[in-house]
Structures are given as structure tokens and as C-alpha cells.
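Each remark here refers to the structure printed beneath this line.
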Amino acid sequence: MFTPAISPADPNLVLVNCDMSGAYRSTDGGQNWEMILEDSEVGHRTCSLCQIAHIAIQLGGSTGRKLRWDPQKEQFDDPTANRLLDRSSWRAPWTLRGA
């Protein structure tokens, strides 16, 4: 378990991240907990964040070029950046079943 985050506006709202099982929220000061992110989603979001940062550095770098990320669509507002999200060509000659 990582350090809990307690809301400064509402001390009953507590968020905690667990390294093996996801993220949890309590709205009653820690008496009851609700899972808000499952471990697979945490892994996906963590990997996505690293990928987004790498692409932003690669395209923005010292130029100051700004990119916007849409977390619902999981896409940038930039076609060049979106092309960098697809790395399937890097796997050749390996393929994924059904792909």
C-alpha cells in the first residue's frame, strides 16, 4: 500500500494505491473502501502515460510543440503523434493472432 491521499476539502475522502491490486476510494474516512481502478487498468494507464510522455518529448522536445491527449478516445489531437502510437510494424515478422 502506498501513502493515502486525504482530500484537504473533505477529510472523509481518502484515495489509496496498492501495488498489486489497484486503487481504492473511501468516502467515510477509511471505514469502507471501493475499488476504483483494477490492476489491469492501472497497468494500462501507467504504460499509456509513459508512451504519451515519450511521444510528447519526441515531437515537442525543445521546440515547445504542444500536444493534447484525449483519454476517452486514447488519441492525440495530432495525426503525427497518433501514428507513433501504432508500433505494430516494429513486431515484424511476429504477429498477434487475429490481427
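Values as computed for the structure displayed
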{"quantity": "Residues (more than 16 Å from the chain's Cα centre (by Cα), at pLDDT 75 or above and either among the β-branched types (V, I, T) or assigned to a helix (DSSP H, G or I) (or both)) located in segment 52-81", "calculated": "I57, Q58, L59, G60, G61, T63, P79, T80, A81"}
{"quantity": "Any pair with Cβ under 7 angstrom, 6 or more apart, that starts in segment 21-41 at a residue that is assigned by TED's automatic domain parsing to the domain that holds A9 and part of a loop (DSSP other than H, G, I, E, B) and ends at one that is exposed (fewer than 14 other Cβ atoms within 10 Å of the Cβ) and modelled with pLDDT of 85 or more", "calculated": "T27/N12; D28/N12; G29/P11; G29/N12"}
{"quantity": "All positions within segment 77-88 that are free of Cβ contacts under 8 Å to residues at least 24 places away in the same chain and of a type outside the set (D, E, K, R)", "calculated": "P79, T80, N82, S88"}
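The values are calculated or read from the model by the stated rules, or taken from the named source; none is laboratory data. The model shown is predicted, which means the values in this text are computed figures rather than measured ones. Please note: Cβ atoms are built from the backbone with ideal geometry, for glycine as well, and neighbour counts cover all protein chains shown.
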